[in-house]
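**Q** First the structure, which I've put down as structure tokens, then a few questions once you've had a look.
Each value in this text was obtained by applying a stated rule to the coordinates, not by laboratory testing. Being a predicted model, the structure only gives us computed values, none of them experimental. In this analysis, Cβ positions are derived from the backbone assuming ideal geometry, glycine residues included, and neighbour counts consider all displayed protein chains.
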Amino acid sequence: MLNVAINGKFLADRMQGIVRYARELVCALDEVLDARDYVEIVVPPEAQDIPAFTNIRVVRYGRRSGIAWEQLDFAQYLLRHPRLTALNLCNVAPLFSRPGITAVHDVMYRACPEFYTSARNRLSRAWHCIQYAFVARREKAILTVSEYSKEQIERYYPYAHGKVSVVPNAWQHVRTYVAADDWRDRFAQLEPGNYLFSIATLARNKNVRWIYEVAERNPRLSFAIAGMRYESDDIGCPPNVHLLGFVSDADACALIHNCRAFLFPSLYEGFGLPPLEALALGAPVVCADATSLPEVMGPCAHYVDPNSYNVDLEALLAEPVAPAQEALSRYSWEGSANLLYDDLKSCGREERR
């Protein structure tokens, strides 16, 4: 029997990779729980769009928001309910609470300090490195999303050996996406089947520079990048790269469906969910042969060196790859929920000894 309190801060955060992971995994866990299990998800007051759980009880608690809610209100809740084991799914655990279970998606802040140059980014890196060390030493168990990420955690934090288990991302949520029929009205500059598409952020590991450099070397090809902000370093955006800004899920789905290929030249990933989602939506994928990506994508992607810009994309895309199903069949939210459930039960048995 489980007695678990899930850290529900992610239900008040904007959608991104780790929030997607937490949301989909908790929904799938709800389906595999036994009637004897007691599982709560504790959420801050501003949390919205909470899934309609069948077996997981929703508890609104506290007055704060953001990090303050997680570190103070959620920690206070755990201290008031000593029988509950905390489950944190988004890299961070409350510092002032009992040992629990925490998911560390990657240790990029520790492994790649060169990615963080601004004062704000250096502060974020310091906080996450404190968390990595704290979680590795204190938590009863650590979850991560790939064998690569597990190796990295154990490499940088040897005292995590024996604690880390892999509970990977999955892709079945894309089945709920509905592509916008009128996407051409907003993106008339893009001809179906004749543009290469990417979703990028400001983070240096996403390596938008690679797309800019390759676009300059392939002026007859068209490129499109969706996302709120773009990293350009000191280079200008080539004329054959279209910056689309923020796009809705429906437009993103349509853009992936209709692209020549999905580009993901990332320098560092703990898992790499976007190319797996693109594969599930039917797009050929070009991604970096770096970190976790070959593990996740296997023989189903076209690989590039993320530090080399001399790439003939047409020739690369003409090369055969394995069917998408070979990668997709290895990942499911149901399978990951069962792995998580086994870990929770194992920790429960250890606690009762």
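**Q** Rounded to the nearest Å, what's the spacing between the alpha carbon centres of region 1-53 and region 146-220? Just the number, please.
**A** Spelled out, the Cα-based centre of one part sits 24 Å from the other.
**Q** Using the Kirkwood radius over Cα pairs, work out the Stokes-Einstein diffusion coefficient for region 178-328 at 10 °C and 1.306 mPa s, in µm²/s as a whole number.
**A** 104
**Q** Looking at the chain as a GNM with Cα springs under 10 Å, which of Leu263, Leu273, Leu221 has the largest mean-square fluctuation?
**A** Between Leu263, Leu273, Leu221, it is Leu221 that shows the largest mean-square fluctuation.
**Q** Given the options Gly270, Gly335, Gly236, which has the most mean-square fluctuation in a GNM of the chain, springs set between C-alpha atoms less than 10 angstrom apart?
**A** Sorting by GNM fluctuation, first place goes to Gly236.
**Q** Calculate the dipole size of region 127-206 relative to its Cα centre from +1 charges on Lys and Arg beta carbons and -1 charges on Asp and Glu beta carbons; express the result in debye to the nearest 20.
**A** Computed charge dipole of region 127-206: roughly 500 debye.
**Q** Also, quick follow-up: Which Cα, out of Tyr109, Gly335, Leu313, lies furthest along the positive dipole direction of the chain (beta carbon charges, K/R +1, D/E -1)?
**A** Result: Tyr109, furthest along the dipole toward the positive end.
**Q** Please list, in order along region 273-281, the HN-Hα scalar couplings obtained from phi with the Karplus expression 6.51 cos²θ - 1.76 cosθ + 1.60 (θ = phi - 60°), rounded to whole Hz, x for Gly and Pro.
**A** Calculated HN-Hα couplings, in order: 6, x, x, 5, 4, 4, 4, 5, 8 Hz.
**Q** Listing Thr54, Thr291, Thr201 from the residue with the fewest other Cβ atoms within 10 Å to the one with the most, what is the order?
**A** Ordered from fewest to most neighbouring Cβ atoms within 10 Å, Thr54, Thr291, Thr201 come out as Thr54, Thr201, Thr291.
**Q** May I pose another question? Using a Cα distance threshold of under 22 Å, what count of lysine pairs results for the chain when pairs must be 8 or more residues apart or interchain?
**A** Lysine pairs satisfying the spacing and distance rule in the chain number 8.
**Q** Quick one: divide the alpha-carbon radius of gyration of region 237-317 by 2.2 N^0.38 Å and tell me what you get.
**A** On the way: Rg = 12.8 Å, N = 81, 2.2 N^0.38 = 11.7 Å.
Cα Rg divided by the expected 2.2 N^0.38 Å: 1.10.
**Q** Would you mind giving the three semi-axes, in whole Å and largest first, of the ellipsoid equivalent to region 13-167 according to its Cα gyration tensor?
**A** They are 26, 19, 16 Å, listed from largest to smallest.
**Q** Another question, if that's okay. So if I place +1 on the C-beta of Lys and Arg and -1 on the C-beta of Asp and Glu, and nothing else carries charge, what would the dipole magnitude of the chain be about its Cα centre? I want it in debye, nearest 20.
**A** Computed about the Cα centre, the dipole is about 1640 debye.
**Q** Sticking with this one: Sorted by average packing, counted as other Cβ atoms within 10 angstrom per residue and highest first, what order do 152-164, 117-129, 4-16 take?
**A** Taking the mean over residues of other Cβ atoms within 10 Å, the ranking is 4-16, 152-164, 117-129.
**Q** Shifting gears a bit: Return a whole-number percent for the relative contact order of region 178-328, with Cα pairs under 8 Å and 6 or more residues apart as the contact set.
**A** For region 178-328, the relative contact order is 23 percent.
**Q** Next up: Would you work out which of Val285, Ala324, Gly236 lies farthest towards the positive end of the dipole of region 178-328? Charges go on Cβ: Lys and Arg +1, Asp and Glu -1.
**A** Result: Gly236.
**Q** Packing-wise, with mean Cβ within 10 Å as the measure, how do 299-308, 240-249 rank, highest first?
**A** Result, highest mean first: 299-308, 240-249.
**Q** Quick query: amide H of Ala86 versus all other amide H atoms, modeled in the peptide plane; which residues come in under 5 Å with a sequence gap of 5 or more or a different chain?
**A** Ala5, Ile101
**Q** Which semi-axes, in whole Å and largest first, does the equivalent ellipsoid of the chain have when worked out from the alpha carbon gyration tensor as the square roots of 5 times its eigenvalues?
**A** 37, 21, 20
**Q** Related question: Under the Karplus relation 6.51 cos²θ - 1.76 cosθ + 1.60, θ = phi - 60°, what is the ordered set of whole-Hz ³J(HN,Hα) values for region 183-192, x standing for Gly and Pro?
**A** Each residue of region 183-192 in turn: 4, 5, 4, 9, 10, 5, 6, 10, 8, x Hz.
**Q** In the Gaussian network model of the chain, springs joining C-alpha atoms below 10 Å, which of Val104, Val26, Val174 carries the largest mean-square fluctuation?
**A** Val174
**Q** Pairs of alpha-carbon atoms within less than 8 angstrom and 6+ residues apart define the contacts here; what relative contact order does the chain have, in percent?
**A** 15
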